[in-house]
Amino acid sequence: MKFIFDLFPVGLFFLAYQWGGIYWATGSAILASVLQIGILLALRKPVDATAWIGFGVITIFGGLTLWSHQHHILGIEPTVFIRWKPTALYWIFSLILLLGPPLFKRNPMRALLSKQMHLPESLWARLNLAWGVFFFAMGLLNLYVAFSYPEAVWVKFKVFGLMALMILFVVAQGVFLARHLEEPK
């Protein structure tokens, strides 16, 4: 259920794009994020850090897209901002993962997943690095598609392609990690 709830802004973005174009899609994604955070707060449920980061990134980049559509910014095409949004989000996650261990002496993946799985210490560092590099690569791939292909192709890639790559990476990680899981102590 949480997975569907987390995909609400992305799904609404795609549906709104099909119905009314990129500006409707952008506004819908912002609204969906506001509703998502609002519902969690109203139900007194915890809002995890990734949800707050996603909310901040869509609000900033989506807001710039909508604002610059009406108030042109130095000749920058307004949809540049929304096309950069997935990359910004992925690179924030990448930075957190890659800089967490050296700067804070803390492994973010271990902090996030240690209650769900027990791994040997050496694998936590590899898992953290793999996710950090993966998110960085996803950001690069988004930029390539966003600025090399028509907007409609990018929207489909953003919604379906990036999600498919994420699912494949999770499955690959699961297969790899299954061999190394330790029994809970």
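The values are calculated or read from the model by the stated rules, or taken from the named source; none is laboratory data. These figures come from a predicted structure and were not determined experimentally. Virtual Cβ from ideal backbone geometry, glycine too; neighbours counted across all protein chains shown.
Table for the structure above
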| quantity | calculated |
| --- | --- |
| Residues located in segment 109-134, provided they are touching an Asp or Glu at 6+ places or on another chain (Cβ under 6 Å) and free of Cβ contacts under 8 Å to residues at least 60 places away in the same chain | none |
| Segment 98-109, residues that are assigned to a helix (DSSP H, G or I) and either touching a Pro at 6+ places or on another chain (Cβ under 7 Å) or under 18 Å from Ala172 (Cα atoms) (or both) | Gly100, Met109 |
| Any hit, segment 111-127, residues being under 20 Å from Ile53 (Cβ atoms) and either charged (D, E, K, R) or touching a Pro at 6+ places or on another chain (Cβ under 7 Å) (or both) | no |
| Answer from Leu165, Leu89, Leu95 - the residue that is in contact with a Gly (Cβ under 9 Å, 6 or more places away or on another chain), closer than 26 Å to Leu7 by Cβ, modelled with pLDDT of 90 or more and surrounded by fewer than 18 Cβ atoms within 10 Å (Cβ to Cβ) | Leu95 |
| Scope segment 15-61; condition within 25 Å of Ser94 (Cα to Cα), of a type outside the set (Val, Ile, Thr) and assigned to a helix (DSSP H, G or I); matching residues | Ala29, Ala32, Ser33, Gln36, Ala49, Ala51, Trp52, Gly54, Phe55, Gly56, Phe61 |
| Tabulated pairs, segment 79-97, first over 18 Å from Val133 (Cα atoms) and hydroxyl-bearing (Ser, Thr, Tyr), second buried (at least 20 other Cβ atoms within 10 Å of the Cβ) and modelled with pLDDT of 95 or more, C-beta under 6 angstrom, 6+ apart or interchain | Thr79/Ile22 |
| Residue match in segment 51-67 (condition: farther than 29 Å from Pro150 by Cα and exposed (fewer than 14 other Cβ atoms within 10 Å of the Cβ)) | yes |
| Segment 15-30 residues that are surrounded by fewer than 18 Cβ atoms within 10 Å (Cβ to Cβ), paired with ones that are among the hydroxyl-bearing types (Ser, Thr, Tyr) (beta carbon under 8 Å, 6 or more apart) | Leu15/Ser28; Trp24/Tyr17 |
